[in-house]
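What follows is one structure encoded as structure tokens, with my remarks underneath.
The values are calculated or read from the model by the stated rules, or taken from the named source; none is laboratory data. For clarity, every value in this text was computed on a predicted model and none was experimentally measured. Here Cβ is always computed from backbone atoms with ideal geometry, including for glycine, and neighbour counts include all displayed protein chains. SASA here: full protein model, heavy atoms, side chains in, ligands and nucleic acids out. Shrake-Rupley method; radii C 1.70, N 1.55, O 1.52, S 1.80 Å.
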Amino acid sequence: PPRVAEKVAHRQTVRIGRTMKLQCPVEGDPPPLIMWTKDGRNIHSGWMRFRVLQQALRIKEVEAEDAGTFICKATNGFGSVNINYTLIVI
């Protein structure tokens with residue numbers, strides 16, 4: 001199953017207007033598929049300021065309502081692993 005490759009800080013703080021990157025350092029064989037959610041909702045390409053990268057989620061021009069719980073879920077045929085983040089916007 002996928003595993004977390006490095007330690008992450010689960011509480012992330014960002015200033016309004018900045019660009020933020022949440023890392024998803026997972027590895028597995030076969031390479032896991034990565035999915036991001038915010039407060040239980042899937043993040044997809046229609047979310048204008050959000051970009052799902054290979055091993056990260058980038059949020060451009062952070063707004064106050066971007067604060068919340070983000071989860072990176074990595075899944076392959078053998079299982080899945082979650083990395084949870086709490087994003088605090090100041």
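One table, with the values for the structure above:
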| quantity | calculated |
| --- | --- |
| Qualifying positions in region 53-69 - surrounded by 16 or more Cβ atoms within 10 Å (Cβ to Cβ), among the hydrophobic types (A, V, I, L, M, F, W, C) and in contact with a Lys or Arg (Cβ under 9 Å, 6 or more places away or on another chain) | 56, 57, 59, 62 |
| Test: residue 37 is at pLDDT 95 or above, touching a strand residue (DSSP E or B) at 6+ places or on another chain (Cβ under 6 Å), open to solvent by less than 70 Å² (accessible area, probe 1.4 Å) and hydroxyl-bearing (Ser, Thr, Tyr) | yes |
| Given (1) farther than 15 Å from residue 85 by Cβ; (2) touching a residue at least 60 places away in the same chain (Cβ under 8 Å); (3) out of contact with any Phe, Trp or Tyr (no Cβ under 9 Å at 6 or more places or on another chain), index of the condition residue 2 fails | (3) |
| Unmet criterion (only one of (1) more than 15 Å from residue 80 (Cβ to Cβ); (2) open to solvent by 50 Å² or more (accessible area, probe 1.4 Å); (3) without any contact (Cβ under 8 Å) to a residue 24 or more places away in the chain; (4) not aliphatic (A, V, I, L, M)) for residue 50 | (2) |
| Residue 30, sole failed condition from (1) surrounded by fewer than 17 Cβ atoms within 10 Å (Cβ to Cβ); (2) in contact with a Lys or Arg (Cβ under 9 Å, 6 or more places away or on another chain); (3) in a loop (DSSP other than H, G, I, E, B) | (2) |
